[in-house]
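Let me begin by presenting the structure, written as structure tokens, before commenting on it.
The values are calculated or read from the model by the stated rules, or taken from the named source; none is laboratory data. Quick caveat: nothing in here was measured; it's all calculated off a predicted structure. Backbone-built Cβ (ideal geometry, glycine too); neighbour counts: all protein chains shown.
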Amino acid sequence: MILPILHYPDSRLRTVAKIVETVDDAVRTLVKDMFETMYQAPGIGLAATQIDHHQRIIVIDISEDKNQPLCLINPEIIEKDGEILWEEGCLSVPDYYQCVKRANQVKVRALNEQGETFELEADELLGICIQHEIDHIDGILFVDHLSKLKQKRLLEKTKKANK
């Protein structure tokens with residue numbers, strides 16, 4: 001099922017998501033819906049917060065053919081290394097792209113859709129995407145990493161467009 005995506009500056013995007021206590025059929029259904037929503041948008045990552053479900057769940061697929069789905073439940077970055085500047089966009093901030101400084105490499109620990117713990121090392125686009133989506137479940141948007149002036153201009157532009 002395709003779910004509606006919240007758009008900046010919706011205050012619900014600032015909600016810090018809760019830990020998933022049990023990976024059950026309801027969580028697996030949500031994950032399936034999140035992938036459908038992300039692919040339809042189209043995007044390469046989606047956090048549950050963006051669809052107004054405040055659980056620590058993110059889905060990612062950076063492959064061109066959209067055939068490498070990655071689900072991270074209760075993800076946590078356990079190692080970071082290096083620094084990279086990357087142009088980011090966001091399904092919750094449509095048609096807006098800016099360069100953001102992030103760690104170049106991350107190691108993340110999470111649960112999969114079966115509730116099993118796994119670790120993953122990622123760099124470049126996958127690493128950026130993981131950090132971006134974890135920010136979402138922490139109530140942080142990529143625009144929060146920008147200068148106050150750029151944030152102010154985006155907010156004004158968004159308010160004007162929504163009138």
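Would you mention how many residues in segment 97-119 are part of a strand (DSSP E or B) and touching a residue at least 60 places away in the same chain (Cβ under 8 Å)? Talk me through it step by step, then tell me what you get.
Taking segment 97-119 as the starting set, the residues that turn out to be part of a strand (DSSP E or B) are 97-102, 105-111, 117-119.
Pick out the ones that are also touching a residue at least 60 places away in the same chain (Cβ under 8 Å) and you get 111.
Qualifying residue count for the region: 1.
Scan segment 1-38 residue by residue and report those that are under 23 Å from Leu111 (Cβ atoms), under 17 Å from the mean Cα position of the chain (by Cα), assigned to a loop (DSSP other than H, G, I, E, B) and not hydroxyl-bearing (Ser, Thr, Tyr).
Leu3, Val16, Ala17, Ile19, Val20
Within segment 48-70, does at least one residue satisfy the condition of being over 17 Å from Leu120 (Cβ atoms), touching a Cys at 6+ places or on another chain (Cβ under 9 Å) and not in a strand (DSSP E or B)?
yes
Tell me the residue from Glu76, Glu116 that is among the acidic types (Asp, Glu), over 16 Å from the mean Cα position of the chain (by Cα) and at pLDDT 95 or above, please. First the steps, then the outcome.
Details: Glu76 fails: over 16 Å from the mean Cα position of the chain (by Cα).
Just a single option satisfies the conditions, and that option is Glu116.
Looking only at segment 93-132, how many residues end up being closer than 26 Å to Gln151 by Cα and out of contact with any strand residue (DSSP E or B) (no Cβ under 9 Å at 6 or more places or on another chain)? Break it down into steps so the answer makes sense when it comes.
Here is the first cut: in segment 93-132, the ones closer than 26 Å to Gln151 by Cα are 93-104, 124-132.
Next, from what is left, pick out any that are out of contact with any strand residue (DSSP E or B) (no Cβ under 9 Å at 6 or more places or on another chain): 93-94.
Final tally of qualifying residues: 2.
Any idea how many residues of segment 122-155 are surrounded by fewer than 20 Cβ atoms within 10 Å (Cβ to Cβ), within 14 Å of the chain's Cα centre (by Cα), not in a helix (DSSP H, G or I) and not β-branched (Val, Ile, Thr)?
Residues meeting the conditions: 2.
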